[in-house]
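Written below as structure tokens is the structure these notes are about.
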């Protein structure tokens, strides 16, 4: 089942276009580059993608929505931040969405409503894999339980009085890994 992906536009754009930013392109070029990457991701994975950009300094009483290359772009209305729109969408979709942002306030709201949360750097890897056609090590098998090099997948240190299998990831991490499989 496709999961609706809601992206904090400028947050992810800064992460994905770090090299371009040093060369000095404007926000428009960075935004267009991000839309192309997300379009390729949406086409390869089949997930609908909504990208929210701040436009609160631009005059206008209404939220502007555009559809480009299979990606829905949302520009906020005057006086409204992208964070507010993303939080509203996370409440609306609940467990049927994944939110991509590194903003703590957005993450807390999305998790409270059952949405899957991916930080921008983590999703950048997913975009890169979709662009190259590489499906990663998880394709067709269970994710490795430890030793993957990803600090989130490493087994946390245990207290000596803790019971259970010391080589097993905590339940919350296993559930998150299972939900991430589709991405």
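The values are calculated or read from the model by the stated rules, or taken from the named source; none is laboratory data. This is a predicted model, so every value here is computed, not measured. Note that each Cβ is placed from the backbone with ideal geometry, even for glycine, and that neighbours are counted across all protein chains shown.
At-a-glance table
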{"quantity": "Sole residue being surrounded by 14 or more Cβ atoms within 10 Å (Cβ to Cβ) and either part of a helix (DSSP H, G or I) or touching a helix residue (DSSP H, G or I) at 6+ places or on another chain (Cβ under 8 Å) (or both), chosen from 91, 77", "calculated": "91"}
{"quantity": "Total residues in region 79-99, condition touching a strand residue (DSSP E or B) at 6+ places or on another chain (Cβ under 7 Å) and either under 19 Å from residue 55 (Cβ atoms) or outside the structural domain of residue 51 (by TED's automatic domain parsing) (or both)", "calculated": "4"}
{"quantity": "Positions within region 63-76 being out of contact with any strand residue (DSSP E or B) (no Cβ under 8 Å at 6 or more places or on another chain) and at negative phi, in sequence order", "calculated": "68"}
{"quantity": "Residue in region 60-74 that is at pLDDT 85 or above, closer than 17 Å to residue 183 by Cβ and surrounded by fewer than 21 Cβ atoms within 10 Å (Cβ to Cβ) present", "calculated": "yes"}
{"quantity": "Selection from region 109-123 of residues that are part of a helix (DSSP H, G or I) and either under 10 Å from residue 97 (Cβ atoms) or not assigned by TED's automatic domain parsing to the domain that holds residue 95 (or both)", "calculated": "110"}
